[in-house]
Amino acid sequence: MTSSLSAEELDAFLESLKRLLADRCTEGDVRRLMEQPGHHDADLWARLSEMGVPGLLVEPAHGGLGAGPAVLERAMEELGAVLAPTPILSTVIATALVQGLGDEAVSARLLPGLADGSTIAAVALTGPAAKWTAESVAVAAIPEGNGWRLDGKAAFVLHASAANLLLVVARAPDGIALFEVEAGAKGMSVAPLPAFDRTLDLADIGFEGVAAVRLSAPGDGWAVVEQALDMGRVALAGEQAGGTRRVFEFTTGYARDRHQFGRAIGSFQAIKHMAADLLLESESAISAARHAAEALADGAADAPQSISLAAFACADAYVRTTADSIQMHGGIAFTWVHPAHLYLRRARADAQLLGSSAAMRERFVQQLGG
Amino acid sequence: MTSSLSAEELDAFLESLKRLLADRCTEGDVRRLMEQPGHHDADLWARLSEMGVPGLLVEPAHGGLGAGPAVLERAMEELGAVLAPTPILSTVIATALVQGLGDEAVSARLLPGLADGSTIAAVALTGPAAKWTAESVAVAAIPEGNGWRLDGKAAFVLHASAANLLLVVARAPDGIALFEVEAGAKGMSVAPLPAFDRTLDLADIGFEGVAAVRLSAPGDGWAVVEQALDMGRVALAGEQAGGTRRVFEFTTGYARDRHQFGRAIGSFQAIKHMAADLLLESESAISAARHAAEALADGAADAPQSISLAAFACADAYVRTTADSIQMHGGIAFTWVHPAHLYLRRARADAQLLGSSAAMRERFVQQLGG
Amino acid sequence: MTDEELIAEVRGWLAANWNPRDKVQAESFGRSPYQSFLEKVLAAGYAVPSWPKELGGRAMTPAQGRLIEREFAAVGAPGAGQDRHNLWANTALAYATPEFRDEIVPKLLTGAVGMCLLYSEPGAGSDLAAVRTRADLEGDRFRVNGQKVWTSGAAIADYGMLIARTDWDVPKHLGISFFFLPMKQPGIEVRPLRQITDEAHFNEVFITDAFVPAANLLGPLNGGWKVLQTALAYERSVMGDAARGPRSGKGSPKGDGALVELAREAGVLDDPLIRQEIAQVTAWKILNRMNNARAKAELKRGTSSPIMSLGKLAMSRILHQEARLRTLLLGADSLLEGPDHPRAEDANFLSLNAYFTSIGGGTDQIQRNIIGERVLGLPKEPEIDRTMPFREVRSG
Amino acid sequence: MTDEELIAEVRGWLAANWNPRDKVQAESFGRSPYQSFLEKVLAAGYAVPSWPKELGGRAMTPAQGRLIEREFAAVGAPGAGQDRHNLWANTALAYATPEFRDEIVPKLLTGAVGMCLLYSEPGAGSDLAAVRTRADLEGDRFRVNGQKVWTSGAAIADYGMLIARTDWDVPKHLGISFFFLPMKQPGIEVRPLRQITDEAHFNEVFITDAFVPAANLLGPLNGGWKVLQTALAYERSVMGDAARGPRSGKGSPKGDGALVELAREAGVLDDPLIRQEIAQVTAWKILNRMNNARAKAELKRGTSSPIMSLGKLAMSRILHQEARLRTLLLGADSLLEGPDHPRAEDANFLSLNAYFTSIGGGTDQIQRNIIGERVLGLPKEPEIDRTMPFREVRSG
């Protein structure tokens, strides 16, 4: 385990997090939030913030725990296991963006709020092509007076409803650059999107001559964005791995308990063998997510490759496990009141965010030298 | 059933064919032929010829039964079921090529020998790129004196060892054309290839200034070749469907008979469910092959599309069924003396001949309008 | 009567009695808005032509029956061929007492009563023989208590075909009885069941001290398992292809080229990966059609073809794979739902509703058992609860 | 003794006794060309450091043993760590009579005798407890008759670890005994078994009136099933990753980029379909490595990690999928075999030899049972032959 926490500290931290989530993020809570606009639980977020979850990546000098990606990934496993609806993913990406700028003034201004949870960030990253690549960026930035103006469209922006900080990745004359826009700035239209995963706060944001402050230095800033996306992918992989494992656990539990034909259904090979195959999926997802996080924490040369691998391996494992879980449960999981479909919805969403499995496989092959 | 035979005649014909094969093409015969160069059984071929099998496509005026593709496909199912090593596939393609020319003199000269089995044809169709497309043709034809000379290379030529007629698809100045070359012609080198399917007679043929007679009329003749290839694909699909069904039958038979843990292994869901899935593969292969043959016999507009579908569906079903069959048998099928691997070898070979599954899927999508 | 004469007769009758503009959708749960027409169909002997005359039939051959059906279908008229299709009437015919049969069958054939199925329970899904709903004889009626689930049409039904346990001390298959339970009575509560698709096509039915007359018993007391098998066989032969495609239909072109069109619209038709997937899913659909056609062609009258049983399994694979492909086609757009995003709505709906086919009416796993055992003759698994008294069986 | 002292001691000993140029391949079937060196290893207490002194050990901790192994491995010297790795010696240690143990164990530890396994039979593959090879007591020896299969090294072995039936009237697990059968005797015929890969790594062993001294019995008479379980557990913990890659190696680049290289050489690296497949297979390989590393890291001393049991199943999937991918890469070239076509040879060999992993040492199906039951705690299936006398069990 590569982190600034000792193994004991990590265990204790995760244990507290689990207790908090068991208490404050039950299935009932998740379902309640699904029905509320924005799906944001300010109370849960405040408690997570007290524990330091939003600030895991932020160095202590700026108010965070400075625990690094490996601990973040483990925390995401716990959040993913209970489908916690939080703005953590945006927070992670925003934090990594700000840190990637290497601008002490910006860091000092933005990181403390991100670390203590008082700042909820939304990041306008991709345009309607929605590939989370430089080519997909569909907001243009033009210098205007002392500042900049933004025009264009950002799609699938996460957590925009609850956000009080908006970072925008836009195409400036000198390349991709990072901008900050005030909440409710003139010319900006936030259109919430109905998401299949009803815990997800998604929006399209339109920019028409929106005044913005440029945060990044002159020159093409895509490398900073890609690094932040990779940090986001590590967090997402953790969420997927944690969700996969939880679904696997309650599904095998059901297979042990549910009796048909006078036998536990898990005694039938059809179910037993699906479970064995899913154990491989589940454990591989955990391995992939943790390895990627540790590689990133260590600054290993193969970290980007490990992240690509984790991205598609965890996405696919989560989708497959949640899909098979419904089949293994039978009729009960075809009902709305059963949680299986909530995880399937999340798995399908996670498989699209920050780049598809197919795109991540393609990136992986390139990283293998192909 | 679309054919010139009545249902009763067809049944009787197939029944005789089955009896002949059960008698003259046992597993022992196949294994014996595997060890012999050329893998050709002149006696078996003579008996099949007496029954009219090589001449199924040839109109009675030229000595054949004129039964058409639908009957041919059914006969191929029987031949495929016993892995009969015969030059039937070459014969079918050569027959369709000659018929496609529409030249009565050529037909009158070549078809009777093809129909009565005395002519064994080899067809040089594709170059080393081996995609069985016009682009893959790698023999060039140049007019010389009254005739033509051929230069280049043909790859994966079937049944060249036993052939006494060689047809060559070559690129002439006016497009793809069909040529006839005398057996043992000067400048021609036949290099037998070691095939993974040891019942298969494969060779590369090199041409250096080989004298040839042009059979096709002026103009691009690829359409004729493609039609002949489609006839070959129907025959091949029949072989695959027949092989698939046979493997499926002996595998489920084993699952009924073999006892472990005091039970027939077919009573275990792991085996039973594989068998159920393979029934779908096997029956679908039969449906696809027969439908394609009937569509071709009827001159249906969607015949080429049905042939593409049959080509990849039957190829994939055969490979999957033979592969699963070994797994379902367990250790016994890992031994050379068990027939399962002979079918796997054939399935893997058939999946490459006349174009890969992926290529046939691509053609199918084009035919769907894509 | 020659076929030509019969056709002429039916055509004449339809011309006189049926207005093609009245065309309706088939209604499988009984009560019909066309009762008066259906009464005429029954009176003419077209409803159940193969049945004996005293039951409303004309003792015709199945082939003649199909001629009649074809004529009715040609003008979109309902009511013919119920000797093949009417689950309820056939079950009652086979097993009801003469008195109850004579009372109920005409109502079933004329759509005068609505029906529902009370088979599955929360603890008895794949394993129907494990039902725990109980029916206890009290004089000339049974008192019924229990819970049923996955019941379509329960809210409007007049009767439910019910299986309930009437003996707890014998092996599970031997203590079940089959009833026509009146639904319009206190003690029956119907609650819509919200599905993962956010629809509610089914209900839960809570039965608390409801009553069914002993006369409504079908088959012998404790002989309900056999009645159920007959009813299920009818159901299977009728169900055909119950799989539903995408919900909105807006994002869904039709025909074999539909997926090609969808990919073209999504701008990804040039993606070789997607092209291969389109080929595979489209091929499976066509192969399923070909298999069904071949099964029908091979079908001897009254016997079922081995291929027939594959349709549901094949359809399950098609639906799940099509859902995956549609998701792949859409990429991030599949994050959305709702009427403004019909293609995403379709992909997501299908990804959930595919389980209706792969779980409903027997999971794929049960279906593979059935194919393996009934079609391929592979031995059954040892059944540990086949012989022990039901009281001792662990279920639920 | 501190770790540093131990390391210094071992290094000194190796410097004095081992010439690195003598480096040999590990030999798992006993007889070694390095007997004299192995005798020195045993005498120095490095062969089985955790064992008691009277058996050639030094009563060390497992951690100390691993330090010794590491030093031996660093210079390529054989013979250390046999307390963890030597299947034969460990089995004999645990179950042989003191006399036989004292005679055989030193020979096993010094590679003085060759060994083979006589477990599987044509009728007892997945179901080892169904063996029909019989051993009948005659005075102070057993007469053995039967047939074994899938035996490596049988032709050169001095002893075979044999399971044979010694009581036919009790349930199958209770009538089996475990022997060290002398192989060099009349009545034992070894025939090479030709595999589908056209290799012969295994043998059939036909046993006709062969004899084994009663002293060579391991564990109690009819108590062989438990001995076998111990031996199998050793074998599993030793086997590691027994999967073989492509045969020729000529067509096989190494490392995580191997499949990329192969595709580049085949000229199809720009095919998006193939790129996706390369990513998948390579990922599975890396994931398997990561899983194993994590299992080792999580491994408490002496206990096995749940992930450990996944390796064989994972490897089976990898090998079959890599075979498919290599075939896809090659296209029509995969029609060929032989030394002139090394890439085709590799693809075809792999497509067959993958079954060595997916069938050998317990099929994937058996492996899934084991994972489901032992790792996930899912209940076993009802076992109908667990209690009946073996005579009445249907097998084969």
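Filter the stretch B:155-173 down to the residues that are in a strand (DSSP E or B) and not small (Gly, Ala, Ser) and list them by number. Scanning the stretch B:155-173 gives B:156, B:157, B:158, B:165, B:166, B:167, B:168, B:169, B:171.
Take residue D:344 and decide whether it is hydrophobic (A, V, I, L, M, F, W, C), within 29 Å of residue A:281 (Cα to Cα), out of contact with any Lys or Arg (no Cβ under 6 Å at 6 or more places or on another chain) and modelled with pLDDT of 95 or more. Here the answer is no, as residue D:344 does not meet what is asked.
Out of the stretch A:280-304, which residues are more than 8 Å from chain D (Cβ to nearest Cβ) and either closer than 17 Å to residue D:376 by Cα or in contact with a Lys or Arg (Cβ under 6 Å, 6 or more places away or on another chain) (or both)? Spell out how you get there, then give the answer.
Applying the first criterion (more than 8 Å from chain D (Cβ to nearest Cβ)) to the stretch A:280-304 yields A:281-282, A:285, A:289, A:292-304.
Residues satisfying the conditions are A:281, A:282.
Do the conditions hold for residue D:374, that is, is it at pLDDT 95 or above and part of a helix (DSSP H, G or I)?
It is false that residue D:374 is at pLDDT 95 or above and part of a helix (DSSP H, G or I).
Within the stretch C:365-380, which residues are within 10 Å of chain A (Cβ to nearest Cβ) and surrounded by fewer than 21 Cβ atoms within 10 Å (Cβ to Cβ)? Walk me through it before giving the result.
So in the stretch C:365-380, the residues within 10 Å of chain A (Cβ to nearest Cβ) come out as C:365-366, C:368-369.
Result: C:366, single match.
Residues in the stretch D:174-218 that are surrounded by 14 or more Cβ atoms within 10 Å (Cβ to Cβ) and either on the phi > 0 side of the Ramachandran plot or of a type in the set (Asp, Glu) (or both): how many? Looking only at that region, the number is 3. Restricting attention to the stretch A:174-208, the residues that are touching a Lys or Arg at 6+ places or on another chain (Cβ under 9 Å), within 14 Å of chain C (Cβ to nearest Cβ), within 26 Å of residue A:72 (Cβ to Cβ) and not in a loop (DSSP other than H, G, I, E, B) add up to 1.
If you check residue A:362 against the conditions, is it more than 8 Å from chain C (Cβ to nearest Cβ), over 30 Å from residue A:136 (Cα atoms) and of a type in the set (D, E, K, R)? When the stated conditions are applied, residue A:362 does not pass them. So which residues in the stretch A:209-227 are of a type in the set (Gly, Ala, Ser) and either in a loop (DSSP other than H, G, I, E, B) or over 18 Å from residue A:138 (Cβ atoms) (or both), if there are any at all? A:211, A:216, A:217, A:219, A:221, A:223 - these are the residues of the stretch A:209-227 that are of a type in the set (Gly, Ala, Ser) and either in a loop (DSSP other than H, G, I, E, B) or over 18 Å from residue A:138 (Cβ atoms) (or both).
Each residue in the stretch D:158-213 was checked for being among the acidic types (Asp, Glu), touching a residue at least 24 places away in the same chain (Cβ under 8 Å) and within 14 Å of chain B (Cβ to nearest Cβ), and 1 of them qualify.
Taken as a whole, the condition of being surrounded by fewer than 24 Cβ atoms within 10 Å (Cβ to Cβ), more than 9 Å from chain C (Cβ to nearest Cβ) and closer than 22 Å to residue C:351 by Cβ applies to residue A:277.
Going by what's in this entry, would residue A:270 be described as aliphatic (A, V, I, L, M) and either outside the structural domain of residue A:293 (by TED's automatic domain parsing) or in contact with a His (Cβ under 7 Å, 6 or more places away or on another chain) (or both)?
Details: aliphatic (A, V, I, L, M): yes; either outside the structural domain of residue A:293 (by TED's automatic domain parsing) or in contact with a His (Cβ under 7 Å, 6 or more places away or on another chain) (or both): yes.
When the stated conditions are applied, residue A:270 passes them.
When the stretch D:275-292 is limited to residues that are without any contact (Cβ under 8 Å) to a residue 24 or more places away in the chain and facing chain A (nearest Cβ under 7 Å), the one that is surrounded by the fewest Cβ atoms within 10 Å (Cβ to Cβ) turns out to be D:276. Annotation note: Cβ proximity below 6 Å between a residue of the stretch D:79-103 that is outside the structural domain of residue D:39 (by TED's automatic domain parsing) and at pLDDT 95 or above and a residue that is in a helix (DSSP H, G or I) and surrounded by fewer than 17 Cβ atoms within 10 Å (Cβ to Cβ) (sequence gap 6+ or interchain) occurs for D:100/D:215. The set of residues in the stretch C:344-364 being facing chain A (nearest Cβ under 7 Å) and not in a helix (DSSP H, G or I) consists of C:363 alone.
Mind checking which residues of the stretch D:166-185 are over 20 Å from the mean Cα position of the chain (by Cα), part of a strand (DSSP E or B) and under 28 Å from residue D:392 (Cα atoms)? Scanning the stretch D:166-185 gives D:171, D:176, D:177. Within the stretch D:366-374, does at least one residue satisfy the condition of being under 27 Å from residue D:198 (Cβ atoms) and either in the same structural domain as residue D:275 (by TED's automatic domain parsing) or among the small types (Gly, Ala, Ser) (or both)? Yes - at least one qualifying residue is present in the stretch D:366-374.
The set of residues from the stretch B:101-140 being β-branched (Val, Ile, Thr) and surrounded by fewer than 19 Cβ atoms within 10 Å (Cβ to Cβ) comprises B:106, B:133.
If residue A:66 satisfies all but one of (1) free of Cβ contacts under 8 Å to residues at least 60 places away in the same chain; (2) of a type outside the set (A, V, I, L, M, F, W, C); (3) in contact with an Asp or Glu (Cβ under 9 Å, 6 or more places away or on another chain), what's the number of the condition it fails? Residue A:66 satisfies every listed condition except (1). Only one of the numbered conditions (1) in contact (Cβ under 8 Å) with a residue 24 or more places away in the chain; (2) within 28 Å of residue B:124 (Cβ to Cβ) is not met by residue B:245, and that is (2). On inspection, residue B:294 passes the criterion of being in contact with a Ser or Thr (Cβ under 7 Å, 6 or more places away or on another chain), surrounded by fewer than 24 Cβ atoms within 10 Å (Cβ to Cβ) and either more than 28 Å from residue D:201 (Cβ to Cβ) or among the aliphatic types (A, V, I, L, M) (or both).
Select from the stretch A:181-197 the residues that are crowded, with 20+ Cβ neighbours inside 10 Å and touching a residue at least 60 places away in the same chain (Cβ under 8 Å) and list them in ascending order. The answer is A:195, A:196, A:197.
Keeping to the stretch B:137-154, report how many residues are on the phi > 0 side of the Ramachandran plot and either within 14 Å of another protein chain (Cβ to nearest Cβ) or outside any strand (DSSP E or B) (or both).
Here is the first cut: in the stretch B:137-154, the ones on the phi > 0 side of the Ramachandran plot are B:145, B:152.
Filter once more, so that each one left must be either within 14 Å of another protein chain (Cβ to nearest Cβ) or outside any strand (DSSP E or B) (or both): B:145.
Residues in the stretch B:137-154 being on the phi > 0 side of the Ramachandran plot and either within 14 Å of another protein chain (Cβ to nearest Cβ) or outside any strand (DSSP E or B) (or both): 1 in total.
Regarding residue B:316, is this residue within 14 Å of chain D (Cβ to nearest Cβ), under 26 Å from the mean Cα position of the chain (by Cα), surrounded by fewer than 24 Cβ atoms within 10 Å (Cβ to Cβ) and within 30 Å of residue C:383 (Cβ to Cβ)?
Values: within 14 Å of chain D (Cβ to nearest Cβ): yes; under 26 Å from the mean Cα position of the chain (by Cα): yes; surrounded by fewer than 24 Cβ atoms within 10 Å (Cβ to Cβ): yes; within 30 Å of residue C:383 (Cβ to Cβ): no.
No: the conditions fail for residue B:316.
Taking (1) closer than 25 Å to residue D:288 by Cβ; (2) at pLDDT 95 or above; (3) buried (at least 22 other Cβ atoms within 10 Å of the Cβ); (4) facing another protein chain (nearest Cβ under 9 Å) in turn, residue D:317 satisfies each apart from (3). Scanning the stretch C:143-165 for residues that are surrounded by 22 or more Cβ atoms within 10 Å (Cβ to Cβ) and part of a loop (DSSP other than H, G, I, E, B) yields C:154, C:157.
The values are calculated or read from the model by the stated rules, or taken from the named source; none is laboratory data. Quantities reported herein were computed from a predicted structural model and do not represent experimental measurements. Note that each Cβ is placed from the backbone with ideal geometry, even for glycine, and that neighbours are counted across all protein chains shown.
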